[in-house]
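Below: one structure, written as structure tokens.
Bear in mind that the values in this text are calculations on the coordinates, not laboratory data. Everything numeric in this text was worked out from a predicted model, so none of it was measured. So basically every Cβ, Gly included, is an ideal-geometry build from the backbone, and we count neighbours across all protein chains shown.
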Amino acid sequence: MSFYTKTYAQRAEAHPSPAAKQLLETIERKKSNLCVSVDVTRKADFLAVIDFVGPFVCLVKTHIDIIEDFDHDLVEQLQVLSKKHDFLIFEDRKFADIGNTVSLQYSSGVHKIASWSHITNAHPVPGPSVITGLASVGKPLGRGLLLLAEMSTKGSLAVGSYTEEAVKMARANKDFVIGFIAQRRMDGVGLADGEEDADFLILTPGVGLDTKGDGMGQQYRTPRQVIVESGCDVIIVGRGIYGNPKALDRDSVRSQAERYMKEGWNAYLERIGKNNQTS
Ligand code: 5BU
């Protein structure tokens with residue numbers, strides 16, 4: 001049986017990584033494969049959006065360096081919301097430096113990402129040392145790393161042999177790498193004869209139901225295209241849910257989050273061959 005047709009629960013049970021297991025269990029418990037990307041620049045808006053979408057998500061994705069009034073209290077409140085609504089936190093930091101530097105960027109500075117973010121990600125461009133550096137900080141804390149095997153943007157250079165090398169790099173470091181940011185399943189990519197594949201999670205940005213792009217290179221596909229046709233595991237949605245950050249509206253944000261959650265879950269049920277139960 002390939003990972004494509006396995007349930008989140010089956011995968012959670014068998015997964016060796018604590019971070020991946022936690023995410024898969026959360027997905028199953030909440031019946032949500034939705035990750036909301038909260039790209040707003042004010043602390044109050046950031047926390048408000050997370051509180052609105054909390055009931056509908058398995059994961060909240062942050063870009064902590066875009067918050068203008070960041071402080072330690074923000075991290076504390078984020079952690080309170082994570083417990084209140086039962087979701088994990090993913091800082092989309094896209095580390096891409098030598099091992100020593102990324103270990104410092106991950107552990108230190110103003111943001112101390114490793115102390116609160118269950119999952120983070122890295123570009124494979126520096127080679128395996130980027131994983132070694134991040135693992136030296138994150139592994140003892142039970143954190144997980146995603147490699148950027150592909151990007152959603154027009155003209156991305158993360159294709160072909162670059163993507164294949166990223167997958168091989170992940171397989172060689174599966175004690176810390178739990179999956180990929182990618183546009184499709186990576187099962188079997190670059191697999192050597194006789195080598196067994198690992199259960200990598202595929203988290204996919206570039207998801208939108210109402211538009212095809214944003215005029216700045218972003219390209220959107222629907223949850224069904226992403227989950228059923230491309231076999232990805234988690235949909236990442238930002239502006240499709242919170243809209244214009246200058247005009248946040250609680251009811252609209254909540255109803256969009258619920259809409260994407262249902263679309264994502266129904267697509268998953270279709271993929272594993274079960275009837276739609278939530279439409
Ligand atoms: P949007 O508002 O749904 O377009 O936001 C998408 C988010 O996902 C945003 O935070 C990006 O930084 C992030 N992203 C992406 O869009 N495409 C990628 O390939 C990667 C990350 Br990697």
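For the chain, give the magnitude of the charge dipole about the Cα centre (Cβ charges: +1 Lys/Arg, -1 Asp/Glu; no others), in debye to the nearest 20.
I would put it at about 460 debye.
Looking at region 1-68, which GluC sites (Glu not before Pro) are DSSP coil and have at most 14 other C-beta atoms within 10 Å of their C-beta?
Qualifying residues, ordered by number: 68.
Please tell me which of these pairs span more than 27 angstrom C-alpha to C-alpha: 83/139; 43/174; 94/274; 61/262; 6/112?
43/174; 94/274; 6/112
Which of the listed residues, 202, 133, 252, is farthest toward the dipole's positive end in region 8-272, when Lys, Arg count +1 and Asp, Glu count -1 at the beta-carbon?
The residue sitting most towards the positive pole is 252.
Restricting to DSSP loop positions (anything but H, G, I, E, B) with no more than 10 other Cβ atoms inside 10 Å of their own Cβ, which GluC sites (Glu not before Pro) remain in region 182-279?
Answer in residue order: 196.
Per 0.36 nm of contour for each residue apart, how much would the distance between residue 115 and residue 139 grow if the chain were fully extended, relative to their Cα-Cα spacing?
Stretched out fully, the residue 115 to residue 139 stretch lengthens by 7.5 nm.
With a bin width of 10 angstrom, please list the P(r) values of region 60-204 as percents of all Cα-Cα pairs, from the 0 bin to the one holding the largest distance.
Over region 60-204, the share of Cα pairs per 10 Å bin runs 11, 41, 34, 12, 2, 0 percent.
Which longest run of the chain has no exposed loop site in it, a site being trypsin sites (Lys or Arg not before Pro) in a DSSP loop with at most 11 other beta carbons within 10 Å, and the site itself not part of the run?
1-153
Per 5 Å bin from zero, what fraction in whole % of the C-alpha pairs of the chain is there, up to the bin with the longest pair?
Reading upward from the zero bin: 1, 6, 13, 18, 20, 19, 14, 7, 2, 0, 0.
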